[in-house]
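Notes to accompany the following structure.
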Amino acid sequence: MPRYIAPALAALTFFLMLSSAPAQTAVVATGAPPHGGAVVLDFSGKVKVHSATGSTLQLVRNGTLPQGAMIETDTNSRVLLRLEDGSEILLRDNSQLSLVQESLPSGTTLFELLLGRLRAVVTRRFTGKPSFQLGTPSAIVAVRGTKFEVEVNPHHVTEVDVEQGLVQVTGRSPLERSVLLEPGFSTRVGQDRIPEPPVPTSRIRPDPREAQENKDTKKLRSSKNNAAEPAGTAPDTHQGTEPPEPAEPAETQKPAPQ
């Protein structure tokens with residue numbers, strides 16, 4: 001083989017390897033969210049981002065994510081985003097969020113939560129159309145300025161919890177029924193179902209601190225009851241049953257009148 005052929009083959013092989021490798025595009029750190037996109041304010045843990053064409057995007061703080069980007073968070077990971085209207089979204093761990101705009105009769109859906117949970121603080125607007133709409137596999141969430149959380153489980157059941165403001169939840173079913181949620185209320189929507197009637201959030205998502213306090217209170221009461229029993233008492237042979245009622249005292253017979 002001539003000497004000049006070997007270097008040419010090596011260069012050709014290297015070029016083919018580069019062309020077959022997946023493209024990686026750095027996120028432009030402009031600090032201003034593009035139309036239909038978002039700015040990464042902060043993130044922690046392992047977060048993957050792909051563009052609409054499938055290329056891997058490098059996640060950097062204050063970097064911009066273009067419209068069509070797909071964000072995936074791993075366990076114990078999260079990412080904080082800011083939209084062009086100043087709204088902020090916290091995507092929690094084990095979640096998938098798509099920045100895909102979808103045209104709907106009621107407006108444009110900015111994001112699509114495919115799986116997991118997020119918390120949104122939406123900037124209030126006073127125009128006719130909602131300032132923010134979030135899509136899920138089973139519902140459309142429309143707001144004009146509020147704080148709320150949305151969760152989608154693996155069965156595509158959507159749960160919406162409202163902290164502040166009003167949120168309208170519409171099921172993606174042929175009936176397209178809607179419910180209006182006030183602060184402190186929640187609803188759930190199944191695949192091809194209508195939203196459930198609003199219920200207090202504490203009923204379907206109890207506060208873990210309150211649950212722990214109730215558990216500690218039960219333990220304390222149980223320990224007090226055990227400590228109240230006198231020492232040396234014979235063991236109760238009627239375990240698992242209520243103790244017998246005390247017998248009524250016998251009536252004292254009165255002497256007959258003289």
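Only the coordinates and a few stated rules stand behind these numbers; no lab work does. Just so you know, these numbers come straight off a predicted model, no measurement behind them. Counting neighbours? That spans all protein chains shown, and the Cβs are built from the backbone with ideal geometry, glycine included.
Before moving on, here are some points about what is shown:
- Length added when fully stretched, H155-D42, from 0.36 nm per residue minus Cα-Cα: 37.7 nm
- Net charge of Cβ neighbours under 10 Å - reference V150; Lys, Arg +1; Asp, Glu -1: -2
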